[in-house]
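Since the structure comes first, as structure tokens, the remarks are kept for the end.
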Amino acid sequence: MSTSSVRPDSSVFVAGHNGLVGAAVVRRLRLAGFTNILTASRDQLDLRDQAAVNYWFRANRPHYVYLVAGTVGGIWANSQRPAEFIYDNMMIHATVVHASYLFGVEKLLYLGSSCIYPRLAEQPMTEDALLTGLLEPTNEPYAIAKISGIKLCEAYRRQYGCNFISGMPTNLYGPNDNFDLETSHVLPALMRKVLEARHDGRDELEVWGTGSAMREFLFVDDLAEACMFLMDNYEGDGHVNIGTGLEVSIRELAETIIEVAHPTASIRWDPTKPDGAPRKLLDVSKLAALGWTSTTGLRDGIVRTFDWLGQNLGAVRGMHLRSLEDFPAG
Ligand code: GFB
């Protein structure tokens, strides 16, 4: 099971380095002394285009690949843009996996998502819950694409002997997240709503659904550490869950964010918006047995993300705030 560590002078391609996950993987690799990190922005390389991806791999010859690129979004974006979510993700996985095979990549780590598991899977969800029941309808196209990515890696491993592995992260958050209210996930959306309410002197904020849905949240720098850990320590057939093993209700999440940044605020629920999956908690015992567990608590991660946001307000898409006098948040 144990493999040798990736040497810091190896060439490592982080596909999707401008996203939440990719940016964290690059930060983590730099921290570990990696000197040959390859990246390609969307303008430079359309990852959905097999010919372009082959050309790029032929020219750059990466030894290791973190395949963390994708079209992602929260519950609303998934429902509004199902075609993009399935097409983009299936294409990106197919091209990068195939080019990695063609050009002799030593090892590839593909990231899926906890939404690959059935809507009513037994909780916490173990890796073998995959394909045992119907998916959550609000993100089925995205989940199907992610499942195909896992199966792609398994098939290339079986037929061609490629050392391609998969990790399944739970809901993520942290620096570099998407804070756009329509397309984001719940945690950045609530952070933004709280900040804007405070800035505008409002004491009420709107939160979607009923607040009863349960979610698990992993700080993205912890995820990046787990990715490097798996690259160094895992080369099994099956995918590996990556999470905290802890869950909170959306109500508790909203209350925590309010307590950190705007304690006088109260919540107005909008039950016309969907709750989505009732629960989505990963069983992380496989990863723990390999030797990795997360370290950043939810409140701590939220404070760190607020700090990042305070320093990067100008760069955050759609954010109407341009300064926050009383930053950082408590
Ligand atoms: O994070 P989220 O959009 O996605 O929503 P999922 C989680 C829960 O938060 C739902 C509630 O119950 C939402 O109704 N929520 C409350 C909000 N207020 C808000 C808000 O202002 N914005 C958002 N976005 N939600 C995603 C999938 O599911 O999980 C993706 O759609 C992906 O495909 C991701 O798999 C990990 O957790 O429901």
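No other residue among TRP308, TRP292 is open to solvent by 40 Å² or more (accessible area, probe 1.4 Å) and not charged (D, E, K, R) apart from TRP308. The combined condition, being surrounded by fewer than 18 Cβ atoms within 10 Å (Cβ to Cβ) and of a type in the set (Val, Ile, Thr), is not fulfilled by THR95. For the stretch 118-156, the set of residues classified as open to solvent by 20 Å² or more (accessible area, probe 1.4 Å), of a type in the set (Gly, Ala, Ser) and in contact (Cβ under 8 Å) with a residue 24 or more places away in the chain consists of SER148 only. Please determine whether any residue of the stretch 244-252 is under 14 Å from the mean Cα position of the chain (by Cα) and within 16 Å of the ligand (Cβ to nearest atom). Scanning the stretch 244-252 turns up at least one residue that is under 14 Å from the mean Cα position of the chain (by Cα) and within 16 Å of the ligand (Cβ to nearest atom).
Listed by first and then second residue, the pairs linking a residue in the stretch 191-212 that is within 20 Å of PRO175 (Cβ to Cβ) and open to solvent by less than 70 Å² (accessible area, probe 1.4 Å) to a residue that is more than 8 Å from the ligand (Cβ to nearest atom) and of a type in the set (Lys, Arg), with Cβ atoms under 9 Å apart and 6 or more places separating them unless they lie on different chains, are GLU196/ARG202.
Every condition in (1) within 10 Å of the ligand (Cβ to nearest atom); (2) in a loop (DSSP other than H, G, I, E, B); (3) open to solvent by 50 Å² or more (accessible area, probe 1.4 Å) holds for ALA277 except the one numbered (3).
The one condition from (1) more than 24 Å from GLU84 (Cβ to Cβ); (2) crowded, with 23+ Cβ neighbours inside 10 Å that GLN159 does not meet is (2). Filter the stretch 45-88 down to the residues that are polar (S, T, N, Q) and within 14 Å of the ligand (Cβ to nearest atom), then identify the one that is nearest to HIS17 (Cα to Cα). Here the answer is THR71.
Table: residues versus (1) closer than 21 Å to VAL248 by Cα; (2) under 17 Å from the mean Cα position of the chain (by Cα).
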residue	(1), (2)
GLU140	no, yes
GLY149	no, yes
LEU152	no, no
GLN159	no, no
ASN163	no, no
ASN171	yes, yes
ASP177	yes, yes
SER184	yes, yes
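When the criteria are applied in full, GLY297 fails the requirement of being small (Gly, Ala, Ser) and either in contact with a Gly (Cβ under 8 Å, 6 or more places away or on another chain) or on the phi > 0 side of the Ramachandran plot (or both). Considering LEU223, LEU230, the condition of being within 13 Å of the ligand (Cβ to nearest atom) and assigned to a helix (DSSP H, G or I) is satisfied by LEU223 alone.
The values are calculated or read from the model by the stated rules, or taken from the named source; none is laboratory data. It should be emphasised that the depicted structure is a prediction, and the values quoted were computed from it without experimental measurement. Note that each Cβ is placed from the backbone with ideal geometry, even for glycine, and that neighbours are counted across all protein chains shown. Protein only, heavy atoms only, side chains kept; ligands, DNA and RNA dropped before computing areas. Shrake-Rupley method; radii C 1.70, N 1.55, O 1.52, S 1.80 Å.
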